[in-house]
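Data first, discussion second: the structure below is written as structure tokens.
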Amino acid sequence: MDRAAPWTLYYDGGCNLCHTSKLQAEAWAERSGRPLEVDVLVSDAALAKGYGGQEMILEADGKVFRAAEAWLKLMEIAPWYLRWVAFVARLAPIGWLAKKGYEVVARNRIKWFGSRECQIPRR
């Protein structure tokens, strides 16, 4: 692979699912040779760009991908057996399902997967 411009991934650093997803994206990037920079959504750089929301953001190939679209773009560097997911999810009849699925998981991610904050329960 030639010297491609790095992609930049902004994620919710306090969410267990988001953190695990970030680690997976880094592994895919390393295997594919795609330069990937990562930062949290609450960083100065992210806030300066207006990215202070709760959805994953990916800057790639001169474009900004948000939420489900960010994941689908990341799937381009996933192993071959996962790349078909992005292809199928971009088909018109199924694309809305990927977006709705992302919304449901994003809304419930802390409840379902927990946070990276102190894991000692409060009394």
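The values are calculated or read from the model by the stated rules, or taken from the named source; none is laboratory data. All values derive from a computational prediction rather than experimental measurement. Don't worry about glycine lacking a Cβ; one is built from the backbone with ideal geometry, like all the others, and counts go over all protein chains shown.
Side notes on the structure shown:
- In the set (1) out of contact with any helix residue (DSSP H, G or I) (no Cβ under 9 Å at 6 or more places or on another chain); (2) more than 19 Å from L82 (Cα to Cα), the condition left unmet by A27 is number (2).
- The residue of the range 77-101 that is farthest from G33 (Cα to Cα), among those that are at pLDDT 90 or above and buried (at least 16 other Cβ atoms within 10 Å of the Cβ), is A78.
- Residue list for the range 47-59, filter: surrounded by 16 or more Cβ atoms within 10 Å (Cβ to Cβ) and charged (D, E, K, R): E55, E59
- Q24 being within 24 Å of F113 (Cα to Cα), at pLDDT 90 or above and surrounded by fewer than 16 Cβ atoms within 10 Å (Cβ to Cβ): yes
A quick yes/no check of all residues on (1) of a type outside the set (A, V, I, L, M); (2) surrounded by 14 or more Cβ atoms within 10 Å (Cβ to Cβ):
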| position | (1), (2) |
| --- | --- |
| A45 | no, no |
| D61 | yes, no |
| V64 | no, yes |
| W71 | yes, yes |
| M75 | no, yes |
